[in-house]
Amino acid sequence: MGKIFCLIGKSSTGKDSIYNELFARGKAPVRKLIPYTTRPIREGEEDGREYFFCTEEDVSRLEAEGRIIELRAYNTVYGIWKYFTVYDEQIQLADNSYLLIGTLAMYEKIRDYFGAERVLPIYIEVEDGERLIRAIGRERTQDTPKYAEMCRRFLADDADFSEDKLQADHIDIRFENTNLSETIEKVEAYIRQEVEADANQSR
């Protein structure tokens, strides 16, 4: 049996960069597990790569089919945006392990769905001042910067990833992303260690 690794952390901690580089290197024994969202596609994104971009009609259909594992709805300054994970043809835990990016709430729901022994968190940290600088820099690259939404997200992170919540979910292994290359190496080694340990137990 494989495992699902949930790459989580506050906004602008480098989760996307770590995720993309892990797959670009091709050394981590995991496959992509692409989440779904109703938010508008951003500049540089591609449907089916970062997310599957959906309509509300798609959400209703998937809910009726009982295929949504977890769903989070955010009341943004641009309306309600939904992010969710679907039990679809991507997931074949009997043969593969997976990596996806998400939130603490997402990790909790997926862990409860598949079991704590199958779902492991990878928590990425960056000092708040540095995160804010990174967030502004990223937003400036957009054709239409959404600074209000960026600020909402930044402030919401304090509640979403409070120390009390992290401790309640036993988020004990954390990766401080001060050097991207070193962080990628450490995350890759952790994933490989966990997958190999699971394979050895199955023999």
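Here are the numbers for this structure:
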| quantity | calculated |
| --- | --- |
| The range 24-56, residues that are among the charged types (D, E, K, R), part of a strand (DSSP E or B) and either in contact with a helix residue (DSSP H, G or I) (Cβ under 7 Å, 6 or more places away or on another chain) or closer than 25 Å to Gly2 by Cα (or both) | Arg31, Lys32 |
| Residue among Arg192, Arg174, Arg140, Arg111 that alone is out of contact with any Leu (no Cβ under 6 Å at 6 or more places or on another chain), buried (at least 17 other Cβ atoms within 10 Å of the Cβ) and modelled with pLDDT of 90 or more | Arg111 |
| Scope the range 145-178; condition under 19 Å from Ala28 (Cα atoms) and assigned to a loop (DSSP other than H, G, I, E, B); matching residues | Ile173, Asn177 |
| Considering residues of the range 95-108 that are part of a helix (DSSP H, G or I) and open to solvent by 30 Å² or more (accessible area, probe 1.4 Å) only, the residue nearest to Ala73 (Cα to Cα) | Ala105 |
| Matching residues, the range 40-56, being of a type in the set (Phe, Trp, Tyr) and open to solvent by less than 30 Å² (accessible area, probe 1.4 Å) | none |
| Candidate set: the range 57-80, residues that are among the small types (Gly, Ala, Ser) and either assigned to a helix (DSSP H, G or I) or touching a Lys or Arg at 6+ places or on another chain (Cβ under 6 Å) (or both); chosen: the one most open to solvent (accessible area, probe 1.4 Å) | Ala64 |
| Subset of the range 19-39 that is open to solvent by less than 30 Å² (accessible area, probe 1.4 Å) and more than 16 Å from Thr103 (Cβ to Cβ) - its residue that is farthest from the chain's Cα centre (by Cα) | Ala28 |
| Output for the range 143-155, where each listed residue is in contact (Cβ under 8 Å) with a residue 12 or more places away in the chain and open to solvent by 30 Å² or more (accessible area, probe 1.4 Å) | Asp143, Lys146, Ala148, Arg152, Arg153, Phe154 |
| Within the range 29-69, considering residues that are in contact with a Phe, Trp or Tyr (Cβ under 9 Å, 6 or more places away or on another chain) and aliphatic (A, V, I, L, M), the one farthest from Tyr87 (Cα to Cα) | Ile41 |
| Within the range 114-137, tally of residues that are surrounded by 14 or more Cβ atoms within 10 Å (Cβ to Cβ), charged (D, E, K, R) and in a loop (DSSP other than H, G, I, E, B) | 1 |
| Check on Thr37, farther than 19 Å from Ala135 by Cα and among the polar types (S, T, N, Q) | yes |
| Close pairs (7 angstrom Cβ cut-off, 6 or more residues apart or separate chains): touching a residue at least 60 places away in the same chain (Cβ under 8 Å) in the range 16-43, assigned to a loop (DSSP other than H, G, I, E, B) and surrounded by fewer than 17 Cβ atoms within 10 Å (Cβ to Cβ) anywhere | Leu33/Gln90; Ile34/Gly48; Ile34/Gln90; Arg42/Gln142; Glu43/Gln142; Glu43/Asp143 |
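The values are calculated or read from the model by the stated rules, or taken from the named source; none is laboratory data. Because the structure is a prediction, the values reported are computed rather than measured. No Cβ is skipped: glycine too gets one built from the backbone with ideal geometry, and neighbour counts run over all protein chains shown. When the accessible area is computed, the model is the full protein with side chains, heavy atoms only, and any ligands, DNA or RNA have been set aside. Shrake-Rupley method; radii C 1.70, N 1.55, O 1.52, S 1.80 Å.
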